[in-house]
Structure formats: C-alpha cells, structure tokens
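Read through the structure below, which is laid out as structure tokens, and then see the notes.
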Protein chains: 2
Amino acid sequence: MRTLTTRQSEILTFISKVISTEGMPPTRKEIAQKFGFKSANSAEEHLKALDKKGYIDLHGGTSRGISINRSFLGIPIVGSVAAGSPLLAVENVEERIEFNGNIFSDSVDYFLRVKGDSMNEVGIIEGDLIAINKRKDVKLGDIVVARINDDVTVKTLFHFDKKKVILRPENKNYKDIEINTSIESFDIEGKCLGVLRNYN
Amino acid sequence: MRTLTTRQSEILTFISKVISTEGMPPTRKEIAQKFGFKSANSAEEHLKALDKKGYIDLHGGTSRGISINRSFLGIPIVGSVAAGSPLLAVENVEERIEFNGNIFSDSVDYFLRVKGDSMNEVGIIEGDLIAINKRKDVKLGDIVVARINDDVTVKTLFHFDKKKVILRPENKNYKDIEINTSIESFDIEGKCLGVLRNYN
DNA sequence: TCTCATACTGTGTATTTATACAGTATAAAT
DNA sequence: ATTTATACTGTATAAATACACAGTATGAGA
C-alpha cells in the first residue's frame, strides 16, 4: 500500500475522527475549515489522493460520500507469532475485527489469540482473544504479554526487578517462569485489558 | 420516553442500519425510496416526529444531519435480575455499552453480568459479561440463559425433552439441575454467543 | 363534533455540497 | 531539463439536499 504524506495522513485521521464523533463523514468545506484551507478544492484534492492510494472510497455525487477502507479499520488479531518477529508484523495478523467503542478500560492496540491452558484458572482459555494495550507501564499482578528470547507468552507478572522477573501461569500444573534478565532477553509487549470469546 | 409508532420505529431502525453499513446517515430522499414514499417530505415528517420524541437529533441545514440519541445506542448490560421481572426491564439494565461490529457470530441483544462460579471450568467467571441472543433455537451443548420459576441462571443445556430439562453447571462442585417441566416453569431466555471481560 | 397525531402526495426553493477548471508554487523523480 | 506529485487559492456551477407550505385521508381522544 502506498504511503501517505503527512497532510494526507492528517486528513485521513480527521475524517475517521469526525465519523466516530459526529456520526457522519465531513464535507469538503468542513475539512477545509479544520485545516484552514481557503478553498474547498484543497480538501477535494486530498480526498482524491487518498482515494487513489486506496485509503478511502469516494461515492460520486453523494454528500459526505466518504468511506474509509475497511482494511484500515478494525483492530488486528494476532494469531501464531513467528519466533522473533514483531507481534504486529503482517504475517502474524490473522484478521481484523471491527470494533469501536469503549468496552475496555484503555485503547486496544491488538487482540492476541490465546494458545494453551496456562491461564485457565483466571478464565482465559485456548482460542480466547485477549485485548492488548502496548504501553509498558504494567504493575505486579497484571496479566502481560511478554517476550522471552523470541518467544511470546501471556502470564501474570509476579515479580520484577533489575535482575530477575517472575511470570506466573494461572494453572497449578505449570510452574513459575523465572527469567534472569542478565543472560536472557526479556520484554513486556503489552498489558492485557480484557478477554473476548466468541462461541460458534 | 414517548413510544414510537410502527412506522417511526421502522424508520429509526433503517437510519441506524444505514449508519452502520454505509458509514453515514441517509438523506430524506433515500429514506423515502426505501419505504416507497413518493415524496421526500414524508421522510422529513417522520424525522421531525422522531426528533420531537427525543430519539434522534436533527442538525438543521446539514446534509445527512441525523444523529441517533446515544441513550438508545449501545447494548444494555443486565445486572442483577429482580425475581420474576423481564431481563430487559429498565430496573435490571445497569448501563449500556457502545458496541458495533461483528465481533460475535450473531446479533447481541444484551449482555448479562455473570454471578457466581458455576461456569468456571469453561472460562466464565464472576463479573464477566456474556453476550446473549434472545432467539430460542438453542441446541444441546449450548450455554443458555434460562429461567426456572422466576430465577434466571446461566448453564450448559445438557438434556431437553417434553417432560424434563437438565442444565449442567461447568464446575465439579455443583450438581446438574433437573427440571420437571410439568410442575416447574421453565424458559430459555437466550443463547450465549460469547464472553467479554474487562480488567481494571 | 372538533381537534390532534399520524401518514402520506406534490410542489417549490434556498442552501449545501461535490467537483470541474484555471492558476501559483515547491520538491522529488526521470 | 522536464515531468510528476504535492499543496494550495479562487471561481463557477450542476446536482444534491433540507425543508417549508399546501393538500388528502384516517383514527383516537376530548
């Protein structure tokens, strides 16, 4: 997908915001006003560029006829994570779900599909989607997504200091994971905000 | 809140649908076309009635300037259910969450807040919100919301025939619930589509 | 009986809106 | 050196749109 200029990106963000706050896309004039353009045609041209690049669809002859391309909407679902690859790498994103609203306490960066039963006792089971926020300021007791030597795992953060981290599975069949941070690479990838499960 | 006529309700539903599928509210003409009105003014009048009754807000002089009142948007969360009252009775709705999208396999009529630990072993724990669809065509193995003599409960549907129903808690500390439908009142209130959990 | 709300058709128009065309200017690509 | 993309202003206009006013018809309530 072709990259956007700074201005185009600003415009796309504005359109997206107007849709979610006003319930309808902006007109050319409204876009021009927002950015201080003296001619609505500036907006028109940016819209055409966004359309050409595939980020939006313009519905000719229709007032407020702007729709944002669905593949940019929605939150990615990260399935199997290839060892060593960034979580949000294209090859790890199995699909996206449309999802807007204030369901979770913070903004959701992505959903991670849960594998295994190591968190069974807190109601997180195989196949569940857990909502993740990428910020790093997690605290003890939080359920976190962590990366230990290229492996991604979901556990409760039980202990954390300069030398040692302890991750706790919530299943009595599993033992705590102790990481010696001086010899193993360790990273917090995000905090678990909640759980989404869909029965078929 | 004043009640809507059948027509007004149809129009409100249509507007809501257009917003979610097209990404923008319809024009008067589009409403008229949908319902076969020969004059766009019919749509205009229905919109005025909906505005007057508080269901929508009309933004004067703005194309597609229709917004649906937020208190009618979102899906109700049903908390404690007063014995004998309908699940969706006002007094049982603790709040609503904005929620649009195709997260669950079917349309969600409401969310029910889970009490107790009787479904722990399938990952449904106290405080979870379970997404419910009101239709009655459930099958064995489905997790259902059932009403037994004025009490509402969430269990797996294990057996169902003309005389007897068995509901199974998913926790070995609980026993199956057998209902003799000839002497006890029994109703399926809905099918559980999924689970939503939000950590704070 | 009269009024009022609902549910339409039909006409008209001011305003909003999309969108084309003609320019100016700059930076990157060929 | 010339094209091409970006980023604007300014003008113009056809089409889309909101919305008022004038009717017709029906059923409910006062």
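The values are calculated or read from the model by the stated rules, or taken from the named source; none is laboratory data. Bear in mind that the values here come from a model prediction, so they are computed numbers and not experimental data. Note that we place each Cβ from the backbone using ideal geometry, even for glycine, and neighbour counts take in every protein chain shown. Keep in mind that these areas ignore ligands, DNA and RNA; they rest on the heavy atoms of the full protein, side chains included. Shrake-Rupley method; radii C 1.70, N 1.55, O 1.52, S 1.80 Å.
Is it true that some residue in region B:169-177 is basic (Lys, Arg) and either buried (at least 18 other Cβ atoms within 10 Å of the Cβ) or within 22 Å of the chain's Cα centre (by Cα) (or both)? Reasoning before the result, please.
Step one: list which residues in region B:169-177 are basic (Lys, Arg), which gives B:172, B:175.
Now narrow it down to the ones that are either buried (at least 18 other Cβ atoms within 10 Å of the Cβ) or within 22 Å of the chain's Cα centre (by Cα) (or both): none.
Checking region B:169-177: not a single residue is basic (Lys, Arg) and either buried (at least 18 other Cβ atoms within 10 Å of the Cβ) or within 22 Å of the chain's Cα centre (by Cα) (or both).
All of B:Ile75, B:Ile68, B:Ile15 fail the test of being at pLDDT below 90 and under 19 Å from the mean Cα position of the chain (by Cα), apart from B:Ile75. Flag not set for A:Val144, criterion: more than 30 Å from B:Asn171 (Cβ to Cβ), among the β-branched types (Val, Ile, Thr) and in a strand (DSSP E or B).
Which of the residues spanning region A:13-39 are within 14 Å of another protein chain (Cβ to nearest Cβ), over 14 Å from A:Gly65 (Cβ atoms) and not basic (Lys, Arg)? Within region A:13-39, A:Ser16, A:Ser20, A:Thr21, A:Glu22, A:Gly23, A:Gln33 meet the criteria. Please tell me if B:Phe158 is open to solvent by less than 30 Å² (accessible area, probe 1.4 Å), among the aromatic types (Phe, Trp, Tyr) and in a strand (DSSP E or B). Taking the combined requirement at face value, the residue does not satisfy it.
With respect to A:Ile188, determine if the residue is more than 19 Å from B:Asp128 (Cα to Cα) and either of a type outside the set (Phe, Trp, Tyr) or touching a residue at least 60 places away in the same chain (Cβ under 8 Å) (or both).
Numbers: more than 19 Å from B:Asp128 (Cα to Cα): yes; either of a type outside the set (Phe, Trp, Tyr) or touching a residue at least 60 places away in the same chain (Cβ under 8 Å) (or both): yes.
Yes, satisfied.
Note on region A:1-96: enclosed helices (runs of 4 or more DSSP H) holding 1 or more residues that are away from DNA strand C (no atom under 16 Å from the Cβ) are A:6-22. Out of everything in region B:41-55 that is within 11 Å of DNA strand D (Cβ to nearest atom) and touching a helix residue (DSSP H, G or I) at 6+ places or on another chain (Cβ under 9 Å), what residue ends up being farthest from B:Arg2 (Cα to Cα)? Of everything passing the filter in region B:41-55, B:Asn41 is farthest from B:Arg2 (Cα to Cα).
With respect to (1) open to solvent by less than 30 Å² (accessible area, probe 1.4 Å); (2) more than 14 Å from chain A (Cβ to nearest Cβ); (3) within 26 Å of B:Ile19 (Cβ to Cβ), the lone exception for B:Asn92 is condition (3). Of the residues making up region A:108-140, those that are of a type in the set (S, T, N, Q) and either more than 14 Å from chain B (Cβ to nearest Cβ) or in contact with a Lys or Arg (Cβ under 9 Å, 6 or more places away or on another chain) (or both) are A:Ser118, A:Asn133.
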